Amino acid sequence: MTHHGFDLHIHSSASDGQLSPAQVVQRAKERGIRNIALTDHDTVEGLLEANLAAGDHELNLINGIELSCEWQGMTLHVLGLAIDPRSPAMQEATSVQKENRTQRARVIADRLSKLNFGSVWDTLSSQLEGKVPARPDFARYLVEQGHVDSVQQAFDRYLGAGKIGDVKQFWPPLAEVVAWIRKAGGIAVLAHPMRYKMTTAKLRRLLEEFVSVGGKGLEVSVPNLDSGRIGLLAELCDRYRLLGSCGSDFHAVGRPWQDLGCFPPLPERVTPVWEWWLSKADPGCSNG
Ligand code: AMP
Ligand code: MN
Ligand code: MN
Ligand code: MN
């Protein structure tokens, strides 16, 4: 099930991952993965450290981001791969998303405080030293304060899709995040399509719209997806002419099913997303 040269969906401590960007790169090297994309939620702040740690030859670091957006009342995640993190579009995207996350976190904190879970905002903001709390931080808070037994239970009861802490109204529309990614020179890939629990008909409608606004890739190979569903995603790639991506969505060590490089291989009929940037980078014959 493992060995892949590419893992294109990875988190570091720049967002809600456990390892620093340099530690992520080190772990990828140890596991023999030659190409990784660091895709922190709505931030590019880990990329400089990751690039320095990657060095020149041992590991190819693809600059990435995972942007949250809204589509038909749902929160979706879109990966931007091979972006220029210093482009004006990425600067704008990350500052808008930081503001959105701040407003959203205040609403989540208020809602949890109203459930008598204490002064959520004050406690978390003093713990996080300026970082905006994300849902995993709220989950850990609820565990620490003894309101739930585990992070999973916190999501199941209070923070997961459709629960009181699932606040979506601050996210920009799908078309806007795709536009940011394209203006930053990158390719937009719909992340973990099966996690939204849509019907296939709705997923098709989503992909039609995604393609019409400039989306080019679909995450096909992810951990814990059976071959039937991977096959369906491969078919959707054919139908909508999407390139296929693969990634672990790594967040922390100690989850062996979600470690770097751990996911089924991309089906052969799928054109891999890296062909997009490899063909762009190919200098070809440059005389004249
Ligand atoms: P946020 O970016 O603040 O919306 O937080 C979303 C993050 O919370 C995801 O990227 C996951 O890391 C984590 N998460 C979301 N849903 C769950 C869940 N049901 N159980 C555990 N973690 C989750
Ligand atoms: Mn996450
Ligand atoms: Mn995601
Ligand atoms: Mn992710």
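Restricting the stretch 33-50 to residues that are part of a loop (DSSP other than H, G, I, E, B) and within 16 Å of ligand 4 (Cβ to nearest atom) leaves a set whose member that is most open to solvent (accessible area, probe 1.4 Å) is Glu45. Within the stretch 57-93, the set of residues being of a type in the set (Val, Ile, Thr) and more than 16 Å from ligand 2 (Cβ to nearest atom) comprises Ile62, Ile83. If you check Ser20, Ser95, which single one turns out to be away from ligand 4 (no atom under 16 Å from the Cβ), farther than 20 Å from Trp274 by Cβ, out of contact with any strand residue (DSSP E or B) (no Cβ under 9 Å at 6 or more places or on another chain) and open to solvent by less than 40 Å² (accessible area, probe 1.4 Å)? From the options Ser20, Ser95, the qualifying one is Ser20.
If only residues of the stretch 125-139 that are open to solvent by 40 Å² or more (accessible area, probe 1.4 Å) and under 20 Å from the mean Cα position of the chain (by Cα) are counted, the one that is modelled with the lowest pLDDT is Lys131.
Here is a check on your reading of the model: is Glu30 over 12 Å from the mean Cα position of the chain (by Cα) and more than 16 Å from ligand 4 (Cβ to nearest atom)?
Considered against the rule, which asks whether it is over 12 Å from the mean Cα position of the chain (by Cα) and more than 16 Å from ligand 4 (Cβ to nearest atom), Glu30 comes out as yes.
Go over the candidates Ala53, Ala89, Ala14 one by one and state the one that is open to solvent by less than 20 Å² (accessible area, probe 1.4 Å) and among the hydrophobic types (A, V, I, L, M, F, W, C). Steps first, please.
On the way: Ala53 fails: open to solvent by less than 20 Å² (accessible area, probe 1.4 Å); Ala14 fails: open to solvent by less than 20 Å² (accessible area, probe 1.4 Å).
It is Ala89.
Is it the case that Val78 is among the hydrophobic types (A, V, I, L, M, F, W, C) and over 16 Å from the mean Cα position of the chain (by Cα)?
no
Within the stretch 69-94, the residues that satisfy the criterion of being in contact with a Lys or Arg (Cβ under 9 Å, 6 or more places away or on another chain) and in a strand (DSSP E or B) are Glu70, Met74, Thr75, His77, Gly80.
Give the residues of the stretch 30-53 that are small (Gly, Ala, Ser), within 15 Å of Phe6 (Cα to Cα) and modelled with pLDDT of 95 or more, sorted by residue number.
Ala37
Checking the stated criteria, Glu66 turns out to be within 16 Å of ligand 3 (Cβ to nearest atom), within 27 Å of Gln97 (Cα to Cα) and in contact with a Ser or Thr (Cβ under 7 Å, 6 or more places away or on another chain). Filtered by the rule that a residue be touching a Phe, Trp or Tyr at 6+ places or on another chain (Cβ under 7 Å) and either within 16 Å of ligand 2 (Cβ to nearest atom) or modelled with pLDDT under 95 (or both), the stretch 164-189 gives a lone residue, Gly165.
With respect to the conditions (1) more than 16 Å from ligand 2 (Cβ to nearest atom); (2) assigned to a helix (DSSP H, G or I); (3) open to solvent by less than 20 Å² (accessible area, probe 1.4 Å), Ser113 falls short on a single one, namely (3).
Pairing residues of the stretch 165-193 that are farther than 14 Å from Glu66 by Cβ and touching a residue at least 24 places away in the same chain (Cβ under 8 Å) with residues that are open to solvent by 30 Å² or more (accessible area, probe 1.4 Å) and of a type in the set (Phe, Trp, Tyr), at Cβ distances under 9 Å and at least 6 apart in sequence or on separate chains, gives Gly165/Phe155; Gly165/Tyr158; Asp166/Tyr158. Within the stretch 223-245, residues that are within 14 Å of Phe263 (Cα to Cα) sit with their Cβ atoms under 7 Å from residues that are open to solvent by 80 Å² or more (accessible area, probe 1.4 Å) and in a helix (DSSP H, G or I), at 6+ positions apart or across chains, in these pairs: Pro223/Trp257; Asn224/Trp257.
Specify the residue that is nearest to ligand 3 (Cβ to nearest atom); the eligible residues are those in the stretch 23-32 that are open to solvent by 10 Å² or more (accessible area, probe 1.4 Å) and touching a residue at least 24 places away in the same chain (Cβ under 8 Å). Full working, then the answer.
Residues of the stretch 23-32 that are open to solvent by 10 Å² or more (accessible area, probe 1.4 Å), as a first pass: 23, 26-27, 29-32.
Right, trim to touching a residue at least 24 places away in the same chain (Cβ under 8 Å) and you get 26-27, 29, 31-32.
On the way: Gln26: 23, Arg27: 20, Lys29: 24, Arg31: 21, Gly32: 25 Å.
Among them, the one singled out is Arg27.
Residues in the stretch 55-71 that are over 15 Å from Val213 (Cα atoms) and either more than 16 Å from ligand 4 (Cβ to nearest atom) or among the basic types (Lys, Arg) (or both): Gly55, Asp56, His57, Glu58, Leu59, Asn60, Leu61.
The values are calculated or read from the model by the stated rules, or taken from the named source; none is laboratory data. Computed from a predicted structure; not experimentally measured. Neighbour counts are summed over all protein chains in view; Cβ atoms, including those assigned to glycine, are modelled from backbone coordinates with ideal geometry. Note: accessible area is taken over every heavy atom of the protein model, side chains too, but ligands, DNA and RNA are not part of it. Shrake-Rupley method; radii C 1.70, N 1.55, O 1.52, S 1.80 Å.
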